[in-house]
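Visitor: Below you'll find the structure I mean.
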Amino acid sequence: MGYIRAHIRLNTTAEVTELISMLNSDGTTTRYTIESFDRTQRVNARSMLGVIYAMTDFNDEMYFVNETEPDNIPSCIDKYRVNA
């Protein structure tokens, strides 16, 4: 089993709300987090307060992680991926 994370960018609270809504409507109990580049800070990706904190504190180094299935990033995240 691998460990995959997606480099994402959220610029507005509207994007945060949209992301959380998509994650919470998937009907699963999958645990998603957003972590800093160096993995020292993590927030619950289903939490409005947590994601807004990450958006302001992690700057441009936000990474989406699926904690339940570490090798599976949901396709709804593609909209927020940073193009390398």
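Only the coordinates and a few stated rules stand behind these numbers; no lab work does. The structure presented is a predicted model; accordingly, all values stated were derived computationally and were not measured. With ideal geometry, Cβ positions are generated from the backbone for all residues, glycine too; neighbour counts draw on all protein chains shown.
Visitor: Each residue of the stretch 63-72 in turn: what ³J(HN,Hα) in whole Hz from Karplus with 6.51, -1.76, 1.60 and θ = phi - 60°, glycine and Pro shown as x?
Guide: So the Karplus estimates, Gly and Pro as x, are 10, 8, 9, 9, 6, 6, 10, x, 9, 10 Hz.
Visitor: How far is it, in nm, from the label point at Glu67 to the one at Arg39 when both lie 7 Å from their Cα along the line to the Cβ?
Guide: With each label placed 7 Å out from Cα toward Cβ, I get 1.4 nm.
Visitor: In the chain, how does Rg compare with the Kirkwood Rh, expressed as the Rg/Rh ratio over alpha carbon atoms? Kindly include the intermediate steps, with their values, before the conclusion.
Guide: Working: Rg = 11.5 Å, Rh = 12.6 Å.
Across the chain, the Cα-based Rg/Rh ratio is 0.91.
Visitor: Moving on. Using mean Cβ contacts within 10 Å as the protection proxy, how do 5-11, 71-77 order, highest first? Don't skip to the end; give the middle numbers.
Guide: Numbers: 5-11: 16.7, 71-77: 13.4.
The packing order, highest mean first, is 5-11, 71-77.
Visitor: With θ set to phi - 60°, apply the Karplus curve 6.51 cos²θ - 1.76 cosθ + 1.60 along the stretch 18-23 and write out the HN-Hα couplings as whole Hz, x wherever there is a Gly or Pro.
Guide: 4, 4, 5, 4, 5, 5
Visitor: Continuing with this model, one more query. How much net charge surrounds Thr33 when only other residues with a Cβ under 11 Å from its Cβ are counted (Lys, Arg +1; Asp, Glu -1)? Working shown, then result.
Guide: Values: positive: Arg5, Arg31, Arg39, Arg42, Arg46; negative: Glu35, Glu67.
Summing Lys and Arg as +1 and Asp and Glu as -1 gives +3.
Visitor: Right, here's the next one. At a 10 angstrom cut-off on C-beta neighbours, averaged per residue, how do the peptides 61-67, 38-44 rank from highest to lowest? Let's see the in-between values first.
Guide: Values: 61-67: 19.1, 38-44: 13.6.
By packing density, highest mean first, the sequence is 61-67, 38-44.
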